[in-house]
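Some notes on the structure that comes next.
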Amino acid sequence: MFTVKELVRPQTLAEAYRTLTEHPDNALLGGCAFLRLGNRKIAAAVDLSRIGLDYIRETEGFIEVGAMATFRALENHPACRENFSGMLPRAVGNVLGVQFRNLVTVGASVFSKYGFSDLITALLALDTDVELHAGGRMPLAVFLDKPYTRDILTRIYIRKDGRAAAYQSLRNSASDFPVVNAAVARLGDRWTVAVGARPAGARLAPAAAAALDGGADPGEAAALAAGELAFGGNLKASAEYRRAMAAVLVKRAVLEVSKCASK
Amino acid sequence: MRIEVTINGHKTALEVAPDEILADTLRAAGFASVRRGCDTTNCGLCTVWVDGRPTLSCAILAARMDGRDITTIEGVAGEAEAFARLLVAEGAEQCGFCSPGFIMTVLAMKRELADPTDDEIIHYLTGNLCRCTGYMGQLRAVKKFLEVRP
């Protein structure tokens, strides 16, 4: 369990950022679900719940998700259910139980770049931008490649471009962490393939996507995705197993998206 | 620090430490129905409602509950008993340790889902673990309680 010396509840982002960056032992609080599994000693814990970041709204061309929106809100929001073949609710719906998803926040999950994340893999297959208070707005893929800096993720923007999408994961039991996961999307003739829980963070598989753009069959693309990404072993699975299963998941997701698109 | 919360309809002021967990606060305040089964956010035993939403009280800081509305099973005793009777009738009541968290989740589901399928019920209840027996008797009782097709 983590310890907190002082809980700070700022009213503005500027105030929150100032407190966060004042001292290396200060930290932001998201849902606290992951934080509580460690023993971090936090001097000032910054609670963002009074800044108005707990929202999901449809703006022109985007689904805008505030950092404090929960997984459960994402799962239930009509815009998330109706866009991308309902892929976002399906991706986060596997994350433990309803009570857990009512706690964990989109901002904390994306900012923390968790390797086991279901959400990041799904978002990576979509046209997603991340907005940081100090670092500004950038594509999710760019953010994932950047080194960690102390900042506040304020919101994400998911472009409502009408793409069809599918999410697949392999888990040892229904609510466990994914052993490996994959998300595939298609907009017109352009495909996107993402693989996560490698166990490192999710990455795009550009060679697989390009092959699909050129008309490759699902199995071929899946083999390319499994070949072009690095996989690692840990207590859940070996690198070889993950690579083999990633190919299966990518193939299933491509087949699913093909059916969505032909409707 | 001092927080003001509404617990089961009663406004209360509580003195809590900045890193105090809501489950501990509630137990200290006399709500003994709140249990910590796993302490890793897996089992659902500590489920209470925060502003009407089922939430793991083992993972949330009490200090963040300032101004919020908390419901424990003590606050919905009549409804909980009605469901408990259905559980017993299905032979699905066991040691009872997981019951408060499980029942709080079932009562929340009744408010949230209209005419759910078996899959939707099971999906909603994933994250509530029982270590005594199985889940089929519970599912029958839940379906009776939700008044969906048997």
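The values are calculated or read from the model by the stated rules, or taken from the named source; none is laboratory data. Note that the structure is a prediction, hence the values are computed from the model and not measured. Quick reminder, even Gly has a Cβ in these numbers, built from the backbone with ideal geometry, and neighbours come from all protein chains shown. For accessibility, only protein heavy atoms count, side chains too; no ligands or nucleic acids. Shrake-Rupley method; radii C 1.70, N 1.55, O 1.52, S 1.80 Å.
A residue that is part of a helix (DSSP H, G or I) and not hydrophobic (A, V, I, L, M, F, W, C) occurs somewhere in region A:191-207.
Would you mention how many residues in region A:41-57 are in contact (Cβ under 8 Å) with a residue 60 or more places away in the chain and either more than 21 Å from the chain's Cα centre (by Cα) or within 9 Å of another protein chain (Cβ to nearest Cβ) (or both)? It would help to see each step written out before you state the result.
Residues of region A:41-57 in contact (Cβ under 8 Å) with a residue 60 or more places away in the chain: A:48, A:53.
Now restrict to residues that are either more than 21 Å from the chain's Cα centre (by Cα) or within 9 Å of another protein chain (Cβ to nearest Cβ) (or both): none.
Residues that pass the stated criteria total 0.
Pull up region A:217-263, narrow it to residues that are farther than 20 Å from A:V179 by Cα and open to solvent by less than 20 Å² (accessible area, probe 1.4 Å), then point me to the one that is farthest from the chain's Cα centre (by Cα).
Here is the first cut: in region A:217-263, the residues farther than 20 Å from A:V179 by Cα are A:217-221, A:255-263.
From the residues that got through so far, the ones that are open to solvent by less than 20 Å² (accessible area, probe 1.4 Å) too are A:221, A:257.
Details: A:A221: 22, A:V257: 19 Å.
Here the answer is A:A221.
Among the listed residues B:N42, B:N128, which satisfies the condition of being within 11 Å of another protein chain (Cβ to nearest Cβ), polar (S, T, N, Q), more than 30 Å from A:K5 (Cβ to Cβ) and outside any helix (DSSP H, G or I)? None of the others qualify; the one that does is B:N128. In region B:99-115, of all residues being out of contact with any strand residue (DSSP E or B) (no Cβ under 7 Å at 6 or more places or on another chain) and closer than 16 Å to A:R72 by Cβ, the one that is farthest from the other protein chains (Cβ to nearest Cβ) corresponds to B:R111.
Working only within region A:4-28, note down all residues that are assigned to a helix (DSSP H, G or I) and more than 24 Å from B:A62 (Cβ to Cβ). Give the steps one after another, and end with the answer.
At the first step, the residues of region A:4-28 found to be assigned to a helix (DSSP H, G or I) are A:13-22.
Residues satisfying the conditions are A:L13, A:A14, A:Y17, A:R18, A:T21, A:E22.
Pairs are defined by a Cβ separation below 6 Å, a sequence spacing of at least 6 or placement on different chains, a first member in region A:177-190 that is in the same structural domain as A:G215 (by TED's automatic domain parsing), and a second member that is part of a strand (DSSP E or B) and of a type in the set (D, E, K, R); the pairs so defined are A:P178/A:R171. With respect to the conditions (1) within 14 Å of another protein chain (Cβ to nearest Cβ); (2) assigned to a helix (DSSP H, G or I); (3) closer than 20 Å to A:P178 by Cβ; (4) open to solvent by 10 Å² or more (accessible area, probe 1.4 Å), A:S85 lacks only one, and its number is (1).
Of all residues being open to solvent by 40 Å² or more (accessible area, probe 1.4 Å) and on the phi < 0 side of the Ramachandran plot in region A:206-216, which is nearest to the chain's Cα centre (by Cα)? Just the residue, please. Let's see the steps before the verdict.
Going through region A:206-216, the residues open to solvent by 40 Å² or more (accessible area, probe 1.4 Å) turn out to be A:206-207, A:210, A:213-215.
After this cut, where a residue has to be on the phi < 0 side of the Ramachandran plot as well, the list is A:206-207, A:210, A:213-214.
Working: A:P206: 18, A:A207: 21, A:A210: 22, A:D213: 24, A:G214: 27 Å.
Residue satisfying both the conditions and the ranking: A:P206.
Among the residues of region B:93-125, write down those that are under 16 Å from B:L146 (Cα atoms), in a loop (DSSP other than H, G, I, E, B) and not polar (S, T, N, Q). Those that are under 16 Å from B:L146 (Cα atoms), in a loop (DSSP other than H, G, I, E, B) and not polar (S, T, N, Q): B:L113, B:A114, B:D115, B:P116.
Only residues that are small (G, A, S), open to solvent by 10 Å² or more (accessible area, probe 1.4 Å) and assigned to a helix (DSSP H, G or I) were counted in region A:110-128, giving 1. Please indicate, with yes or no, whether at least one residue in region B:71-83 is surrounded by fewer than 24 Cβ atoms within 10 Å (Cβ to Cβ) and assigned to a strand (DSSP E or B). So far as region B:71-83 goes, yes, one or more of its residues are surrounded by fewer than 24 Cβ atoms within 10 Å (Cβ to Cβ) and assigned to a strand (DSSP E or B).
Scanning region A:96-108 for residues that are at pLDDT 95 or above and either open to solvent by 30 Å² or more (accessible area, probe 1.4 Å) or within 14 Å of chain B (Cβ to nearest Cβ) (or both) yields A:V98, A:Q99, A:F100, A:R101, A:N102, A:L103, A:V104, A:T105, A:A108.
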